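Visitor: Supplied in C-alpha coordinates, the structure appears directly below.
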Amino acid sequence: TRCARRRTEPIPPPPTMASELASTLSKSDVVILSSTGCPFCRKVTQAFAAKKVAFLEIDYDELDDGDAVRAEVLKAHQMRSVPAVFVKGKFVGGCNDGPEPWMGALPLLASGKLEEMIAAK
(Lines give C-alpha, C1' and ligand atoms only; values in the text may rest on other atoms or scores of the structure.)
Protein backbone atom coordinates (compact mmCIF):
# COMPACT_ATOMS: atom_id res chain seq x y z
CA THR A 1 0.00 0.00 0.00
CA ARG A 2 1.08 3.49 -0.71
CA CYS A 3 0.73 6.30 1.72
CA ALA A 4 -0.74 9.42 0.35
CA ARG A 5 1.45 12.41 0.85
CA ARG A 6 -0.26 15.17 2.56
CA ARG A 7 0.35 18.51 1.03
CA THR A 8 1.46 21.04 3.55
CA GLU A 9 0.64 24.57 2.66
CA PRO A 10 1.47 27.42 4.96
CA ILE A 11 -1.45 28.71 6.94
CA PRO A 12 -1.95 32.36 6.15
CA PRO A 13 -1.56 34.73 9.07
CA PRO A 14 -4.71 36.25 10.50
CA PRO A 15 -5.62 39.57 8.90
CA THR A 16 -4.18 42.66 10.51
CA MET A 17 -6.39 45.55 11.53
CA ALA A 18 -4.79 47.58 8.73
CA SER A 19 -5.78 44.97 6.14
CA GLU A 20 -9.28 44.68 7.60
CA LEU A 21 -9.68 48.46 7.42
CA ALA A 22 -8.44 48.50 3.81
CA SER A 23 -10.90 45.74 2.96
CA THR A 24 -13.76 47.68 4.55
CA LEU A 25 -12.81 50.87 2.72
CA SER A 26 -12.88 49.01 -0.60
CA LYS A 27 -16.57 48.09 -0.16
CA SER A 28 -17.85 51.51 -1.26
CA ASP A 29 -16.54 54.58 -3.05
CA VAL A 30 -17.44 56.63 0.02
CA VAL A 31 -17.08 55.27 3.56
CA ILE A 32 -17.94 57.24 6.66
CA LEU A 33 -16.69 55.99 10.02
CA SER A 34 -18.97 57.52 12.62
CA SER A 35 -20.04 57.32 16.24
CA THR A 36 -23.51 57.13 17.75
CA GLY A 37 -24.85 60.54 18.67
CA CYS A 38 -22.15 62.54 16.85
CA PRO A 39 -23.75 65.71 15.43
CA PHE A 40 -20.96 66.18 12.86
CA CYS A 41 -21.49 62.62 11.61
CA ARG A 42 -25.21 63.33 11.14
CA LYS A 43 -24.42 66.60 9.36
CA VAL A 44 -22.19 64.75 6.84
CA THR A 45 -24.56 61.83 6.26
CA GLN A 46 -27.54 64.17 5.82
CA ALA A 47 -25.64 66.40 3.39
CA PHE A 48 -24.46 63.40 1.36
CA ALA A 49 -27.96 61.92 1.30
CA ALA A 50 -29.44 65.27 0.21
CA LYS A 51 -26.99 65.38 -2.73
CA LYS A 52 -27.66 61.68 -3.45
CA VAL A 53 -24.05 60.67 -2.75
CA ALA A 54 -24.00 56.93 -2.07
CA PHE A 55 -22.00 56.01 1.02
CA LEU A 56 -21.39 53.23 3.51
CA GLU A 57 -21.61 54.36 7.12
CA ILE A 58 -19.88 52.29 9.77
CA ASP A 59 -20.52 53.19 13.39
CA TYR A 60 -17.53 52.48 15.67
CA ASP A 61 -19.93 51.94 18.55
CA GLU A 62 -21.66 49.06 16.75
CA LEU A 63 -18.46 47.15 15.99
CA ASP A 64 -17.09 44.48 18.30
CA ASP A 65 -13.61 45.85 17.60
CA GLY A 66 -14.57 49.51 17.18
CA ASP A 67 -11.82 50.72 19.49
CA ALA A 68 -9.21 48.81 17.48
CA VAL A 69 -10.56 50.24 14.20
CA ARG A 70 -10.48 53.74 15.65
CA ALA A 71 -6.90 53.16 16.86
CA GLU A 72 -5.91 52.03 13.34
CA VAL A 73 -7.42 55.18 11.79
CA LEU A 74 -5.51 57.27 14.35
CA LYS A 75 -2.28 55.42 13.59
CA ALA A 76 -2.64 55.65 9.83
CA HIS A 77 -4.20 59.11 9.47
CA GLN A 78 -3.61 60.94 12.77
CA MET A 79 -7.38 61.37 13.08
CA ARG A 80 -9.10 60.61 16.37
CA SER A 81 -12.37 62.46 15.87
CA VAL A 82 -15.43 61.44 13.89
CA PRO A 83 -16.57 61.34 11.26
CA ALA A 84 -13.59 59.89 9.39
CA VAL A 85 -14.47 60.09 5.69
CA PHE A 86 -12.78 58.08 2.93
CA VAL A 87 -13.29 58.44 -0.81
CA LYS A 88 -12.06 55.49 -2.88
CA GLY A 89 -9.92 54.47 0.08
CA LYS A 90 -8.31 57.92 0.44
CA PHE A 91 -8.75 59.65 3.75
CA VAL A 92 -10.31 63.09 3.15
CA GLY A 93 -10.86 64.14 6.75
CA GLY A 94 -13.81 64.84 8.93
CA CYS A 95 -16.83 67.06 8.59
CA ASN A 96 -15.11 70.40 7.94
CA ASP A 97 -11.38 69.74 7.76
CA GLY A 98 -8.89 67.23 6.46
CA PRO A 99 -5.22 66.48 5.92
CA GLU A 100 -5.08 69.12 3.15
CA PRO A 101 -6.59 72.63 3.40
CA TRP A 102 -9.12 71.87 0.63
CA MET A 103 -10.34 68.66 2.26
CA GLY A 104 -13.13 67.83 4.66
CA ALA A 105 -16.42 66.18 3.72
CA LEU A 106 -18.59 69.30 3.52
CA PRO A 107 -16.03 71.52 1.73
CA LEU A 108 -15.44 68.73 -0.83
CA LEU A 109 -19.18 68.40 -1.36
CA ALA A 110 -19.66 72.17 -1.73
CA SER A 111 -16.76 72.57 -4.18
CA GLY A 112 -17.75 69.64 -6.40
CA LYS A 113 -14.44 67.89 -5.73
CA LEU A 114 -16.19 65.00 -4.00
CA GLU A 115 -18.04 64.09 -7.18
CA GLU A 116 -14.78 64.46 -9.16
CA MET A 117 -13.01 62.07 -6.79
CA ILE A 118 -15.83 59.54 -7.00
CA ALA A 119 -15.91 59.75 -10.82
CA ALA A 120 -12.12 59.39 -11.19
CA LYS A 121 -10.82 55.96 -12.17
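Visitor: Want the number for S81 to W102: 0.36 nm per residue separation, take away the alpha-carbon distance, what's left? Could you put the intermediate results ahead of the total?
Guide: Values: separation 21, 0.36 × 21 = 7.56 nm, distance 1.82 nm.
Additional length available on full extension: 5.7 nm.
Visitor: Would you mind counting up the charge near A119? Only other residues with Cβ under 13 Å from its Cβ, with Lys and Arg at +1 and Asp and Glu at -1.
Guide: On the way: positive: K88, K113, K121; negative: D29, E115, E116.
Charge balance near A119 sits at 0.
Visitor: Give me the base-10 log of I(q)/I(0) for the chain at each q in 0.21 Å⁻¹, Debye formula, one uniform scatterer per Cα, rounded to two decimals.
Guide: -1.20
Visitor: Counting only heavy atoms of protein chains, what accessible area per residue, in Å², does the chain have with a probe of 1.4 Å? If you can, show how the numbers build up before the last one.
Guide: Working: 8010 Å² over 121 residues.
Using a 1.4 Å probe on heavy atoms only, each residue of the chain averages 66 Å².
Visitor: Show which lysines lie in cross-link reach of K75 when reach means a straight Cα distance below 20 angstrom and same-chain residues fewer than eight apart are skipped.
Guide: List returned: K88, K90.
Visitor: A further question follows. With the full set of protein chains in place, find how many percent of the accessible area of the chain is carbon and sulfur; take the probe as 1.4 Å. Can you show the working numbers first?
Guide: Details: 4340 of 8010 Å².
In the chain, the share of accessible area belonging to carbon and sulfur is 54 percent.
Visitor: So, taking all protein chains as they sit and a 1.4 Å probe, how much accessible area belongs to S19, in Å² rounded to tens?
Guide: Result for S19: roughly 50 Å² accessible.
Visitor: If the elastic network links every pair of Cα atoms under 10 Å, which of K27, K51, K90 fluctuates the most in the Gaussian network model of the chain?
Guide: K51
Visitor: Just reorder R80, R42 by solvent-accessible area, largest first, 1.4 Å probe, all chains present.
Guide: Details: R80 160, R42 85 Å².
The ranking, largest first, comes out as R80, R42.
Visitor: Moving on to the next point. Would you tally the net charge around S34, using a Cβ to Cβ cut-off of less than 14 Å, leaving S34 out, and scoring K and R as +1, D and E as -1?
Guide: Numbers: positive: R42, K43, R70, R80; negative: E57, D59, D61, E62.
That sum, taken over residues with Cβ under 14 Å, equals 0.
The values are calculated or read from the model by the stated rules, or taken from the named source; none is laboratory data. Predicted model, so just to flag it, every value in this text is computed and none were measured. All Cβ positions, glycine included, derive from the backbone under ideal geometry; neighbour counts span all protein chains shown. We work out accessible area using only protein heavy atoms, side chains counted, and drop any ligands, DNA or RNA first. Shrake-Rupley method; radii C 1.70, N 1.55, O 1.52, S 1.80 Å.
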